[in-house]
């Protein structure tokens, strides 16, 4: 099913008296409201409160931040529902949670818990080496990672309502997210400049992406859903960089609670995402934050999470 | 001369509002600082997280400038989080959340529940010939509207579009359904 068919189905539902839930407009609508904001990884209700106090627009409830998942090893799964509920009770902002790639069983449980967004995430150990979750089948909206435009459009074709870059999680190194954002936005610009339909057919083939979505990009010049950045953001300057490269909001994982002063770093990154084009303000908010998280050089990693997903 | 309309761009659905306004022949400015606010004739306060926006208003020094412009009678359209910030009273908000108190209503945040309960529905709006398609995202509910407040639309008995002088507030997102009629009316009332 293409995104276009789903949109018109939502339009048809509009004529009815009964309110329509779980439509594409409603799912993408929440992503629209998170723009210009910071979504923070938290592992306890206490951290969730710190995140909300600092101005986070949403929190991602998980058992371990990616840096610890990396260090801990083993199979990484959906969080304990009790932990997710603890975070939901602690804050008034939207709560997201992660399911393993292809693990629709975990996603069904997260939907039953009433989370506001599900992240089908490469940070957890994949449950299916071929298939991703059929996200059209859910009322809860999904965000998925992408390293390039083809991967982004395949996820949107499967029903994702928000795309984020797949910067190497837990490294505090922005280089991978930058590559993904430049690749996605660069290909969008090239498709928008395509000469004729035949070139679009070739783009769809090269990207292994649904043709209707390639045609939609050719018409609109933008990704059909909001594009956020995730992976490797450790400072306000990192946040400013990715926003200037075309990200519309930022996920920050280990970067906050692995820094020396989490409340201060969290509010500085929140302000940086708002004032990303104002170097004067950025200089002020970047001062005296203490140590950022210790980083990792991505070339030396044995596990590259961004390579998970198909 | 074209009116200059600002869209508060600290966080939230500002891009969708700007896209609708661009179709309506006005100059649109994104507002993040007090200096930028001083240059516009009217303001749209978008949806998003009211807690985040409230903090950013304070930290950017915009809060006082905005309160001053509102006292001076500037026209404002507030949607969802914008409505919460403009309300006289907020239930279930944070203790440190700012209320600008421009519309005599009591609103409850996230009253419909989580995102799974978010919905779209057609509503009848006073003065519009056909229904308006309204998108409600983790929407606030208006629990009380004072006698001076005009209720322009309701959904299941509850007020969802209210006007008080030059301030219009909506619990839903008129910027998401592609219908520019409420923005056009807001501009016409300026």
Which members of the range A:105-133 meet the condition of being out of contact with any strand residue (DSSP E or B) (no Cβ under 9 Å at 6 or more places or on another chain) and away from chain B (no Cβ under 14 Å)? A:129, A:130, A:131
What pairs can you find where one residue is in the range A:180-202 and over 26 Å from residue A:242 (Cα atoms), the other is assigned to a loop (DSSP other than H, G, I, E, B), and their Cβ atoms are less than 6 Å apart, with a gap of 6+ or different chains? A:200/A:194
Selection from the range B:45-89 of residues within 11 Å of another protein chain (Cβ to nearest Cβ) and in a strand (DSSP E or B) yields B:79
The conditions are (1) crowded, with 24+ Cβ neighbours inside 10 Å; (2) modelled with pLDDT under 95; (3) within 8 Å of chain B (Cβ to nearest Cβ), and residue A:62 fails exactly one of them. Which is it? (3)
Among the residues of the range A:157-169, which ones are part of a loop (DSSP other than H, G, I, E, B) and under 12 Å from residue A:146 (Cβ atoms)? A:158, A:160, A:166, A:167
Residue A:222 is checked against (1) under 23 Å from residue A:31 (Cα atoms); (2) in contact (Cβ under 8 Å) with a residue 40 or more places away in the chain and fails just one. What number does that condition carry? (2)
Residue by residue through the range B:91-104, note down the ones that are under 23 Å from residue B:135 (Cβ atoms), touching a residue at least 24 places away in the same chain (Cβ under 8 Å) and within 11 Å of chain A (Cβ to nearest Cβ). B:93
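Residue A:42 - would you say it is over 22 Å from residue B:116 (Cβ atoms), more than 11 Å from chain B (Cβ to nearest Cβ) and at pLDDT 85 or above? Before the answer, list the steps.
Details: over 22 Å from residue B:116 (Cβ atoms): no; more than 11 Å from chain B (Cβ to nearest Cβ): yes; at pLDDT 85 or above: yes.
No, not satisfied.
Select from the range A:249-264 the residues that are more than 14 Å from residue A:169 (Cβ to Cβ) and buried (at least 22 other Cβ atoms within 10 Å of the Cβ) and list them in ascending order. Spell out how you get there, then give the answer.
Of all residues in the range A:249-264, those more than 14 Å from residue A:169 (Cβ to Cβ) come to A:249, A:259-264.
Answer for the range A:249-264, where residues must be more than 14 Å from residue A:169 (Cβ to Cβ) and buried (at least 22 other Cβ atoms within 10 Å of the Cβ): A:249, A:259.
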Given B:11, B:36, which one is within 14 Å of another protein chain (Cβ to nearest Cβ) and out of contact with any helix residue (DSSP H, G or I) (no Cβ under 8 Å at 6 or more places or on another chain)? B:36
Among the numbered criteria (1) more than 26 Å from residue A:114 (Cα to Cα); (2) under 15 Å from the mean Cα position of the chain (by Cα); (3) part of a strand (DSSP E or B), which single criterion is violated by residue B:184? (3)
Residue match in the range A:12-29 (condition: within 11 Å of chain B (Cβ to nearest Cβ), free of Cβ contacts under 8 Å to residues at least 60 places away in the same chain, under 16 Å from residue A:251 (Cβ atoms) and outside any helix (DSSP H, G or I)): no
Enumeration of residues in the range B:132-156 that are assigned to a loop (DSSP other than H, G, I, E, B) and within 19 Å of residue B:118 (Cβ to Cβ): B:137, B:138, B:139, B:140, B:156
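Name the single residue that is farthest from residue B:179 (Cα to Cα) among those in the range B:128-147 being more than 10 Å from chain A (Cβ to nearest Cβ) and in contact with a helix residue (DSSP H, G or I) (Cβ under 7 Å, 6 or more places away or on another chain).
Of the residues in the range B:128-147, the ones more than 10 Å from chain A (Cβ to nearest Cβ) are B:128-130, B:132, B:139-147.
Applying the additional criterion that residues be in contact with a helix residue (DSSP H, G or I) (Cβ under 7 Å, 6 or more places away or on another chain) yields B:128, B:132, B:140.
Details: B:128: 12, B:132: 8, B:140: 21 Å.
Restricting to residues being more than 10 Å from chain A (Cβ to nearest Cβ) and in contact with a helix residue (DSSP H, G or I) (Cβ under 7 Å, 6 or more places away or on another chain), the top hit is B:140.
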Tally, over the range A:41-61, of residues that are farther than 17 Å from residue A:276 by Cβ, touching a strand residue (DSSP E or B) at 6+ places or on another chain (Cβ under 6 Å) and touching a residue at least 40 places away in the same chain (Cβ under 8 Å): 7
Tally up the residues in the range B:114-127 that are part of a loop (DSSP other than H, G, I, E, B) and more than 7 Å from every other protein chain (Cβ to nearest Cβ), please. 3
Under 9 Å between Cβ atoms, which residue pairs at least 6 apart in sequence (or on different chains) link something in the range A:80-91 that is in contact (Cβ under 8 Å) with a residue 12 or more places away in the chain with a partner that is exposed (fewer than 15 other Cβ atoms within 10 Å of the Cβ)? A:81/A:112; A:90/A:46
Just for helices (runs of 4 or more DSSP H) wholly inside the range A:210-282: which have at least 3 residues that are more than 14 Å from chain B (Cβ to nearest Cβ)? A:211-220, A:236-244, A:254-257
Hey, can you tell me all the residues within the range B:148-179 that are in contact with a helix residue (DSSP H, G or I) (Cβ under 9 Å, 6 or more places away or on another chain) and within 22 Å of residue A:30 (Cβ to Cβ)? B:161, B:169, B:170, B:171, B:173, B:174, B:175, B:176, B:177, B:178, B:179
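Could you look through the range A:170-179, keep only residues that are part of a helix (DSSP H, G or I) and in contact (Cβ under 8 Å) with a residue 60 or more places away in the chain, and pick out the one that is nearest to the chain's Cα centre (by Cα)? Let's see the steps before the verdict.
Initial filter on the range A:170-179 (part of a helix (DSSP H, G or I)): A:175-179.
If we keep only those that are in contact (Cβ under 8 Å) with a residue 60 or more places away in the chain as well, we get A:175-178.
Working: A:175: 17, A:176: 14, A:177: 11, A:178: 14 Å.
The selected residue is A:177.
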Would you check if residue B:107 is within 27 Å of residue A:113 (Cα to Cα), more than 11 Å from every other protein chain (Cβ to nearest Cβ) and crowded, with 19+ Cβ neighbours inside 10 Å? yes
Can you tell me how many residues in the range B:1-36 are under 15 Å from residue B:57 (Cα atoms), part of a loop (DSSP other than H, G, I, E, B) and over 16 Å from the mean Cα position of the chain (by Cα)? 2
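The values are calculated or read from the model by the stated rules, or taken from the named source; none is laboratory data. Remember, predicted model here, so these are calculated numbers, not experimental data. Positions of Cβ are generated from backbone atoms using ideal geometry, with glycine treated the same way; all protein chains shown enter the neighbour counts.
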